[in-house]
Amino acid sequence: MKIAIPVETDEAEPRVAATPETVKRLVGLGADIVVQAGAGLASGIRDAEFEAAGAKLAPTAKDTVASADVVLKVRRPTPDEFADYKSGALVIAIMDPYGNEAALKAMAEAGLVSFAMELMPRITRAQVMDVLSSQANLAGYRAVIDGAAEYGRAMPMMMTAAGTVPAAKVFVMGAGVAGLQAIATARRLGAVVTATDVRPAAKEQVESLGAKFIAVEDDEFKQAETSGGYAKEMSKEYQAKQAALVAAHIAKQDIVITTALIPGRPAPKLVSKEMVESMKQGSVVVDLAVERGGNCELSEPGAVVVHEGVKIVGHNNVPGRLAATASALYAKNLFAFVETLVDKAAKALAVKWDDELVKATCLTKDGAVVHPSFSPKHA
Ligand code: NAD
């Protein structure tokens, strides 16, 4: 059983799919590990550390993946990359499948058995494999650090001989994993924090972190959660009522952090141009949803836009801005999943096709797109 970890080819991707710790554990499962030279550098891991953990180093991507049974990646491989994978290889990554059906078809036609880590069901057994949580938690933390760095004032209240500095007001929109971590981080920095979400369950979580919950709590709100615990797309009427409440609130905020997402849908637009214009000079909006269309009308992927003195921060790949930590957690998520695909006694791959984790994440197999949400039959 050969497991390969190539360099991520996307220049905007500093994370890596294995760490010395997970290499050791994969070796413990009976695997031969090949890491491409330099794969860990952007995450602060030297080649020698991978070697010391039991990996072999390969000079090129081609040498790394040649005859590999499993390829571990952060991002979905491009056709150029998987041209060198053997047919039938398992490829496990954050596949970004929504809207990318052609790329999935290409992987299927190349004979790859691909798994999307972000489709892992949110059940207790799979918590350790939950990449959305492990990465969103870091993004929420980093959003506050980025927001505080762009904000030209202090976050906590300070009473000094030269006068009193007021605490910054931080408003977090979307109180899922990223939002809750943003709330906790902003509170630790001394900000006065409020938050909103469309899921009623979020209210108690927000309050338990010491922040105030702001939302229109009507009948629609009370039922606005799917059985999977995700947000539903809200009606136009609800969105209008909520926007009016939020508009009045945003005008008084110093830093707004938006994290609102709906799986498989464009991010809801929550902060309009007018709302940005209502904010004070020097205020900051950090849009964590920028790669999914953005929660703020004015945000641009990969840019800090300044509009009438308000900065709108739209960094791409925010977990990658904490690459060492993000890789460490992502690699552990991957290891936990790989462990379920291996027969430990035989030290060989033994994928249980009827396992709900496999069924939920497997995108392509036997030359076809097999996932019910992405297969042509479904479309
Ligand atoms: P997400 O990344 O899909 O979305 C972020 C947040 O935005 C969510 O809380 C969502 O409700 C909110 N949102 C969507 N539209 C909005 C709007 N118009 N206005 C305001 N907020 C809006 O969510 P997530 O971080 O993945 O978390 C979703 C849920 O899953 C949470 O309840 C979380 O606690 C739960 N969860 C469960 C597990 C588990 O059981 N293993 C693991 C992680 C998360």
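Just so you know, all these numbers are worked out from the coordinates, no wet-lab data involved. Keep in mind it's a predicted model, so treat the numbers as computed, not measured. For neighbour counting, all protein chains shown are included, and Cβ atoms are generated from backbone atoms with ideal geometry for every residue, glycine included.
A few points about this structure:
- Near Val71, the amide H atoms lying under 5 Å from its own belong to Ala4, Leu90, Val91, Ile92; only residues 5 or more places off or on other chains count, and H is placed 1.01 Å from N.
- Using the average count of surrounding beta-carbon atoms within 10 Å as a protection proxy, the listed peptides 212-222, 86-96 rank, highest first, as 86-96, 212-222.
- Computed about the Cα centre, the dipole magnitude for segment 139-321 is approximately 400 debye when only Lys and Arg (+1) and Asp and Glu (-1) carry charge, each at its Cβ.
- Taking a ≥ b ≥ c as the square roots of the eigenvalues of the Cα gyration tensor, an a/c ratio of 1.5 or more together with a/b no larger than b/c marks segment 232-301 as oblate.
- When only Cα pairs below 8 angstrom with a gap of at least 6 residues are kept, the chain shows a relative contact order of 18 percent.
- Annotation: the residues Ser327, Ser134, sorted from fewest to most other C-beta atoms within 10 Å of their own C-beta, follow the order Ser134, Ser327.
- The charge dipole of the chain, taken about its Cα centre with unit charges on the Cβ atoms of Lys, Arg (+1), Asp and Glu (-1) only, comes to about 620 debye.
- Applied to segment 198-214, the Karplus parametrisation 6.51 cos²θ - 1.76 cosθ + 1.60 on θ = phi - 60° returns per-residue 3J(HN,Hα) values of 8, 8, x, 4, 5, 4, 5, 5, 4, 5, 5, 8, x, 10, 8, 8, 10 Hz, with x for Gly and Pro.
- Spacing of the two label points (7 Å from each Cα toward its C-beta) at Lys252 and Glu21, in nm: 4.3 nm
- Whole-Hz ³J(HN,Hα) from phi, Karplus 6.51 cos²θ - 1.76 cosθ + 1.60, for segment 181-192, glycine and proline x: 5, 5, 4, 4, 5, 5, 5, 4, 7, x, 6, 8
- Proximity of backbone amide H atoms, modeled 1.01 Å from N, is registered between Ala348 and Asp343 at under 5 Å, excluding neighbours fewer than 5 places apart on the same chain.
- Residues Arg15, Arg187 arranged by fewest to most Cβ contacts within 10 Å: Arg187, Arg15
- For the chain, adding -39500 (n - 2.57) for each run of n ≥ 4 DSSP H residues and dividing by the number of residues yields -9000 deg cm²/dmol at 222 nm.
- Förster radius 30 Å - calculated FRET efficiency between Lys352 and Asp32, Cβ distance, rounded to 0.05: 0.85
- Annotation: extensible slack from Glu297 through Thr9 equals 100.6 nm (criterion: 0.36 nm per residue apart, minus Cα-Cα distance).
- Amide H within-cut-off set for Cys296, under 5 Å, with H built and near neighbours excluded: Leu270, Val271
- In terms of packing, defined here as the mean over residues of other Cβ atoms within 10 angstrom, the peptides 99-106, 73-80, 172-179 line up highest first as 172-179, 73-80, 99-106.
- Going from the residue with the fewest nearby Cβ atoms within 10 Å to the one with the most, Arg46, Arg321 rank Arg46, Arg321.
- Residue-wise HN-Hα couplings along segment 223-240, as the Karplus relation 6.51 cos²θ - 1.76 cosθ + 1.60 with θ = phi - 60° gives them from phi, are 10, 8, 9, 7, 5, x, x, 8, 6, 9, 6, 7, 5, 4, 5, 4, 4, 5 Hz; Gly and Pro carry x.
- If R0 is taken as 35 Å, the Cβ-Cβ distance between Ala324 and Arg153 corresponds to a FRET efficiency of 0.75.
- If both residues of a DSSP beta bridge must be in segment 139-321, then about 30% of such bridges are antiparallel.
- Scoring 292-299, 305-312 by mean Cβ neighbours within 10 Å over their residues and listing the highest first yields 292-299, 305-312.
- Note: relative contact order over segment 139-321, using C-alpha pairs below 8 Å and six or more positions apart, is 20 percent.
- Whole-Å distance, taken between Cα centres, linking segment 298-327 and segment 115-137: 23 Å
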